[in-house]
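The values are calculated or read from the model by the stated rules, or taken from the named source; none is laboratory data. Remember, it's a predicted structure, so these values are computed and weren't measured experimentally. A quick note on method: Cβ atoms are made from the backbone with ideal geometry, for glycine too, and the neighbour counts reach across all protein chains shown.
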Amino acid sequence: MIQNLDQILVLLQHWLASFLPAAWQGAARAFISAAAIVCVFPALFAVAVWLERKGLGRMQNRLGPNRVGPYGLLQPIADGIKSLTKEDIVPLSADRAVHFLAPVLLVVAAFMGFAVLPMGRNMVLVDLDAGLLFYYAMGASSELAVFMAGWSSRNKYSLLGAMRAVAQMISYEVVLLLSSVVVVMMAGSLSLTKIVESQNQYTWGFPHWYIFTPWGLAGFIMYAIAATAETNRSPFDLPEGESELVAGYHTEYSGFKFALFFLGEYVAMFSISGLGTTLFLGGWSAPFSFLTWIPSWIWFFSKLMLSIFVFIWMRGTLPRLRQDQLMNFAWKFVLPMCLLNLMVAAVWRFMDNYWLRWVVCSAILLLAYEGLGMAELRKKNIGPRSYRYVE
Amino acid sequence: MSLVFYLITALTVAGGLASMLLKNTVHCALAVTVAFAGLAFFFLNLDAQFAGFAQILVYIGAVAILVVFAILLTKGSETPKDGVFSRTWLSGLAIAAAVFAMLGWAILHTASMLPGATPVPTVTVRQIGQALIGRYVLPLEIVAVLLTVALIGAVIVAMHEKEGTK
Amino acid sequence: MTPLAGYLLVAALLFSIGLAGALTRRNAILVLIGIELMLNAANLNLIAFWRYGPHPEALTGMMFAIFSIAVAAAEAAVGLGLVISIHRHAKTTDLDQMNRMKG
């Protein structure tokens with residue numbers, strides 16, 4: 001019974017495909033999985049939009065939307081109807097073909113990443129041997145879409161926003177890759193299903209998730225930083241901040257195309273959170289061995305929504321980073337820490353004493369963090385903090 | 001020669017032709033990106049998955065963006081007043097046609113000596129990793145040094161020279 | 001015509017398109033795009049011969065292609081840096097006007 005509940009979606013897929021002749025069943029199964037992904041994640045997008053507006057509102061000491069349904073739950077539907085019925089304005093001198101294709105390419109690149117994420121036991125669309133490489137290849141294609149959007153609008157603000165966004169995305173792409181290479185090194189495979197299976201073991205009830213190791217925790221923090229920068233979320237949202245650049249690279253988009261950009265950004269956020277949970281938080285595995293009776297896909301989606309909540313929390317709490325600050329941060333602080341993390345993971349793997357390696361690895365990482373931080377701060381002549389109160 | 005092969009060929013050759021014939025430089029860069037994607041599909045069709053994904057990651061994710069940044073920084077999107085093709089375009093075209101004719105003749109002439117259908121090779125990423133560290137470790141290290149030198153060289157070449165310093 | 005001959009013909013066609021572009025376009029960046037297309041055609045050749053060759057498990061063709069991709073990316077970076085610095089000096093990227101050695 002528990003087994004069936006865990007595999008209920010897989011059984012549903014096989015049952016639906018069984019209506020077709022045998023030669024077409026493989027293609028039908030793949031099509032059903034792809035259709036499910038295309039239906040589920042935009043629905044989650046609606047939930048995330050509501051969560052973001054309510055959550056940000058509460059963090060900023062105001063109510064969020066509360067008019068449209070009970071607690072504003074139907075607000076995403078109202079937003080959808082609004083963006084579908086708005087007039088689609090294209091500037092006169094804009095490059096029409098590229099202007100049209102940019103949001104399409106962004107959404108396609110964002111959705112392609114879901115093909116290799118294992119969302120439950122046996123629930124991966126295609127189990128590639130080089131799955132992680134496929135995911136990053138699709139992420140790299142979305143940078144070109146951002147540039148196309150900014151350039152085709154023939155607008156200085158759009159172009160500036162696009163250049164900033166692309167520079168930020170390529171810098172943090174390196175950090176993203178390096179912080180996940182440490183997981184590949186320890187799991188021994190680029191295949192995401194094997195990475196999850198290697199985390200699905202329990203010692204004294206505690207799981208072997210990679211976040212519960214020093215190098216895994218450091219890797220997860222750097223992955224989270226790079227993920228917020230890749231999806232242009234606060235505190236790295238200078239390319240699209242409203243007070244800075246009108247709306248950055250999607251200034252000249254209205255109506256459905258703007259909704260596509262919005263959808264693409266949130267779907268990219270889901271996809272990168274999904275990859276983060278697969279790599280560091282154990283994917284679909286349960287946190288304690290006595291909880292494995294809860295279906296695996298429930299665990300995956302709960303961890304995904306928790307990551308989305310952390311994204312929203314960061315947006316409501318942290319101030320925006322300036323462009324040169326965030327580039328300095330990427331190249332001079334996070335990248336050396338990533339490389340050091342690789343060496344610490346190697347030390348962890350080959351050190352014999354079980355408890356001493358915790359101390360040694362944590363000490364190396366903390367010393368490096370302090371050292372690099374001191375090296376960055378020394379040039380800034382920051383004095384002691386001073387407070388001024390209203391009289 | 002399956003239908004998939006012809007479709008990918010059409011996509012790639014269309015992208016290549018568009019990139020060499022269009023007037024707007026950014027459109028040419030985007031068309032060559034389509035050609036890169038077509039080549040990645042060719043690699044996937046030839047069961048070289050690692051090379052295919054590496055092609056997308058490196059060429060579309062890095063080289064195409066480099067090219068569009070260079071076009072932006074050199075104001076390449078303004079159309080030149082003398083047209084987009086150089087004065088000696090006819091001789092260039094003739095040379096390219098001659099190269100294609102010679103290569104095509106060589107391929108078709110020796111087509112009977114080429115192997116036919118061979119079994120699909122199963123290549124895992126683990127084998128690639130072991131080959132890189134085992135048999136091909138020297139090229140790997142040389143490419144690492146080469147990339148470092150290219151990075152430093154490109155930064156130095158394109159750096160703004162401050163007034164008064166050399 | 002064997003599949004291998006088909007792939008080789010496509011690679012030859014792409015190579016000659018890239019060569020034609022590199023030899024006939026005025027803008028220096030388009031010449032570099034043509035060179036990248038030529039390198040890609042050579043990569044296709046390598047992978048096709050690897051796939052239909054006698055010993056695909058030796059991975060020689062795929063390794064060659066992967067190193068070629070890496071080197072081509074580095075060469076594109078350096079070439080585009082050169083084009084940018086020439087533009088800064090001569091205020092143009094038109095290759096027909098750069099026909100003198102005098103700076």
(request) Can you tell me which residue within the stretch C:65-98, out of those that are in a helix (DSSP H, G or I) and in contact (Cβ under 8 Å) with a residue 60 or more places away in the chain, is farthest from residue C:34 (Cα to Cα)? (result) C:96
(request) Determine if the stretch C:21-30 includes at least one residue that is hydroxyl-bearing (Ser, Thr, Tyr), under 27 Å from residue B:87 (Cα atoms) and surrounded by 22 or more Cβ atoms within 10 Å (Cβ to Cβ). (result) yes
(message) Among the numbered criteria (1) more than 24 Å from residue A:260 (Cα to Cα); (2) of a type in the set (D, E, K, R); (3) buried (at least 22 other Cβ atoms within 10 Å of the Cβ), which one does residue A:143 miss?
(response) (1)
(request) Within the stretch C:1-32, count every residue that is in contact with a strand residue (DSSP E or B) (Cβ under 9 Å, 6 or more places away or on another chain) and within 7 Å of chain B (Cβ to nearest Cβ). (result) 4
(request) Please work out if residue C:59 is at pLDDT below 90, under 21 Å from residue B:146 (Cβ atoms) and surrounded by 19 or more Cβ atoms within 10 Å (Cβ to Cβ). (result) yes
(request) Kindly indicate the residue of the stretch A:277-292 that is of a type outside the set (A, V, I, L, M, F, W, C) and in a helix (DSSP H, G or I) and also surrounded by the fewest Cβ atoms within 10 Å (Cβ to Cβ) among those meeting that condition. (result) A:289
(request) Select, from B:99, B:157, the only residue that is at the interface with chain C (Cβ under 9 Å from one of its Cβ atoms) and either in contact (Cβ under 8 Å) with a residue 40 or more places away in the chain or under 30 Å from residue C:89 (Cα atoms) (or both). (result) B:157
(request) Out of A:30, A:43, A:48, report the one residue that is in a helix (DSSP H, G or I) and exposed (fewer than 14 other Cβ atoms within 10 Å of the Cβ). (result) A:43
(message) Checking the condition surrounded by 12 or more Cβ atoms within 10 Å (Cβ to Cβ), small (Gly, Ala, Ser) and under 30 Å from residue C:99 (Cβ atoms), which residue from B:62, B:131, B:96 passes?
(response) B:96
(request) Can you work out which of the residues in the stretch C:68-86 that are surrounded by fewer than 19 Cβ atoms within 10 Å (Cβ to Cβ) and not aliphatic (A, V, I, L, M) is farthest from the other protein chains (Cβ to nearest Cβ)? (result) C:68
(message) Going through C:101, C:38, C:62 one at a time, which residue ends up being at the interface with chain B (Cβ under 7 Å from one of its Cβ atoms) and without any contact (Cβ under 8 Å) to a residue 40 or more places away in the chain?
(response) C:62
(request) Spot the failing condition for residue C:35; the list is (1) surrounded by 20 or more Cβ atoms within 10 Å (Cβ to Cβ); (2) at pLDDT 95 or above, and only one is missed. (result) (1)
(message) I need the full set of residues from the stretch B:113-139 which are assigned to a helix (DSSP H, G or I), more than 9 Å from chain C (Cβ to nearest Cβ) and polar (S, T, N, Q), in order please.
(response) B:130
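Hey, can you tell me all the residues within the stretch B:40-52 that are within 18 Å of residue A:105 (Cβ to Cβ) and either away from chain A (no Cβ under 11 Å) or at pLDDT below 95 (or both)?
Of everything in the stretch B:40-52, just one residue is within 18 Å of residue A:105 (Cβ to Cβ) and either away from chain A (no Cβ under 11 Å) or at pLDDT below 95 (or both), namely B:41.
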(message) Please return the ranges of helices (runs of 4 or more DSSP H) entirely within the stretch A:293-391 where 2 or more residues are surrounded by 12 or more Cβ atoms within 10 Å (Cβ to Cβ), under 20 Å from the mean Cα position of the chain (by Cα) and free of Cβ contacts under 8 Å to residues at least 40 places away in the same chain.
(response) A:296-317
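This table checks each residue for (1) closer than 23 Å to residue A:192 by Cβ; (2) at pLDDT 90 or above.
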{"site": "A:234", "(1), (2)": "no, no"}
{"site": "A:248", "(1), (2)": "no, no"}
{"site": "A:253", "(1), (2)": "no, no"}
{"site": "A:256", "(1), (2)": "no, no"}
{"site": "A:264", "(1), (2)": "yes, yes"}
{"site": "A:267", "(1), (2)": "yes, yes"}
{"site": "A:272", "(1), (2)": "yes, yes"}
{"site": "A:291", "(1), (2)": "yes, no"}
(request) Give just the number: which of (1) of a type outside the set (Lys, Arg); (2) in contact with a Gly (Cβ under 6 Å, 6 or more places away or on another chain); (3) crowded, with 16+ Cβ neighbours inside 10 Å does residue A:63 not satisfy? (result) (3)
(message) For a quick check of your reading of the model, give me the residue pairs whose first member lies in the stretch A:69-90 and is at negative phi, whose second is loosely packed, with under 13 Cβ neighbours inside 10 Å, with beta-carbon atoms closer than 7 Å and at least 6 apart or on different chains.
(response) A:90/A:96
(message) Among the residues of the stretch A:127-160, what is the count of those that are more than 10 Å from chain B (Cβ to nearest Cβ), more than 11 Å from residue A:251 (Cα to Cα) and touching a Ser or Thr at 6+ places or on another chain (Cβ under 9 Å)?
(response) 1
(message) Being within 9 Å of chain C (Cβ to nearest Cβ) and surrounded by 23 or more Cβ atoms within 10 Å (Cβ to Cβ) is the filter here; which residues of the stretch B:16-35 pass it?
(response) B:16, B:19, B:20, B:25, B:28, B:29, B:32, B:35
